[in-house]
1. Count charges around Ile243 for me, please; just the other residues with Cβ under 12 Å from its Cβ, Lys/Arg as +1, Asp/Glu as -1.
2. With contacts defined as alpha carbon pairs under 8 Å and 6 or more residues apart, what's the relative contact order of region 132-264 in percent?
3. Please arrange Ile72, Ile242, Ile181 by how many other C-beta atoms lie within 10 Å of their C-beta, fewest to most.
4. In which sequence would Ser162, Ser89 go, from the one with the fewest C-beta neighbours within 10 Å to the one with the most?
5. My understanding is that a pair violates if its Cα-Cα distance is over 30 Å; which of Lys110/Lys189; Lys133/Lys279; Lys74/Lys125; Lys158/Lys276; Lys88/Lys185; Lys84/Lys185 do that in this structure?
6. Along the charge dipole of region 191-281, which of Ser245, Gly203, Phe216 sits closest to the positive end, that is, farthest toward it, with unit charges on the beta carbon of Lys, Arg, Asp and Glu (+1, +1, -1, -1)?
7. Semi-axes, largest first, in whole Å: what does sqrt of 5 times each Cα gyration tensor eigenvalue give for region 191-281?
8. I want the local charge near Lys116. Using Cβ-Cβ distances under 13 Å, sum +1 for each Lys or Arg and -1 for each Asp or Glu among the other residues.
Amino acid sequence: MIQLKNMILNLKTYLIISILFFIWIEGVVGLSIDSTFFYYLFKNGDYSNAYVEGLKLKFYNKKYQIYDDKEIYKYIALSLFYTKQYRKSLEYFNKYLNHSATIEDSVFDKIIYIYKNENNFDEMKNILEKYYKNNREKYLLNKAKIAHLEKSYSLELKILDSLVLLDSLKYKDLSESIHIIFNNKPENKSYLKAFIFSLFPTGGYIYTERYSDALFTWITLTPLATLGTLYYLNGDKYRSYIIYSVCGMFYLGTIYGSLVSVKLYNERIEEILYDKVLKEYEKSRKTGFNINFSF
């Protein structure tokens with residue numbers, strides 16, 4: 001009788017252990033399927049659904065701890081980044097960094113891109129110091145990158161010169177190309193000169209190379225001014241004053257427009273310079289320069 005009870009007890013224990021084991025196996029298999037589906041969605045560019053699956057994977061992985069949390073956080077952050085949810089992606093990038101002693105260059109590129117949009121260069125530099133301080137070459141590369149994003153072009157050129165000293169074969173062509181781009185950069189337009197030129201109708205627009213606006217101003221003001229003068233000569237001062245008032249407001253608008261054009265012109269020059277430098281970086285990256293500004 002006692003022996004029978006022991007057999008039943010052992011059977012119950014075996015059944016409980018078996019059930020728990022099968023539950024665990026089912027969870028592991030399910031987690032593996034979720035993981036495969038998550039990475040499948042990400043690699044195929046379905047980032048919105050990849051983000052949702054990533055959250056599920058993160059939740060179940062807490063229980064089974066099969067996958068590295070760092071990788072899950074990284075792909076969730078990238079999924080958010082590629083759907084332009086930058087602020088939210090930064091939250092997961094930070095979780096990725098909290099679980100990692102190193103940082104991938106591609107991840108660093110994404111993080112500093114977000115901080116650039118927020119004009120938060122201090123955080124860029126903090127990450128640079130934390131993760132690259134022991135690698136002189138990568139430290140200088142990424143420091144040059146940050147200097148370029150910050151538009152500290154003189155600092156960027158100095159860093160590139162330092163890289164040439166570090167490895168002239170690898171960085172000489174890049175440094176020379178970027179020096180040439182900066183040396184050939186058109187001068188910024190002056191607000192004072194734009195104001196002086198704008199005292200003559202269309203002059204401000206011509207100075208800032210907005211020729212279509214200059215033509216429109218000339219086509220509009222000339223007939224109005226002529227019409228106002230004809231009314232005045234014919235003794236219709238009331239109508240001539242109205243037309244002259246319209247011309248005056250339009251003229252003041254052209255002065256303001258010329259000053260705005262200076263800002264737009266200088267920004268356009270900066271963008272052209274920025275794009276040219278990025279192309280040189282990208283060209284060099286393909287031939288061994290490990291830096292990437294493409295997102």
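1. Numbers: positive: Lys237, Arg239; negative: Asp236.
Residues close to Ile243 contribute a combined charge of +1.
2. On the way: 110 pairs, mean separation 25.3, N = 133.
Relative contact order of region 132-264: 19 percent.
3. Working: Ile72 21, Ile242 13, Ile181 16.
With the fewest neighbours first, Ile72, Ile242, Ile181 line up as Ile242, Ile181, Ile72.
4. By the 10 Å Cβ count, ascending, the order reads Ser162, Ser89.
5. Numbers: Lys110/Lys189 33 Å; Lys133/Lys279 26 Å; Lys74/Lys125 20 Å; Lys158/Lys276 18 Å; Lys88/Lys185 37 Å; Lys84/Lys185 32 Å.
From Lys110/Lys189; Lys133/Lys279; Lys74/Lys125; Lys158/Lys276; Lys88/Lys185; Lys84/Lys185, over 30 Å: Lys110/Lys189; Lys88/Lys185; Lys84/Lys185.
6. Ser245
7. Values: eigenvalues 281, 23, 14 Å².
Result for region 191-281: semi-axes of 38, 11, 8 Å.
8. Numbers: positive: Lys110, Lys125, Lys145, Lys151; negative: Asp109, Glu118, Asp122, Glu123, Glu150.
Around Lys116, the surrounding residues sum to -1.
Throughout, read-outs are computed from the coordinates displayed, never taken from laboratory work. Since this is a predicted model, take the numbers as computed values, not measurements. Neighbour counts are summed over all protein chains in view; Cβ atoms, including those assigned to glycine, are modelled from backbone coordinates with ideal geometry.
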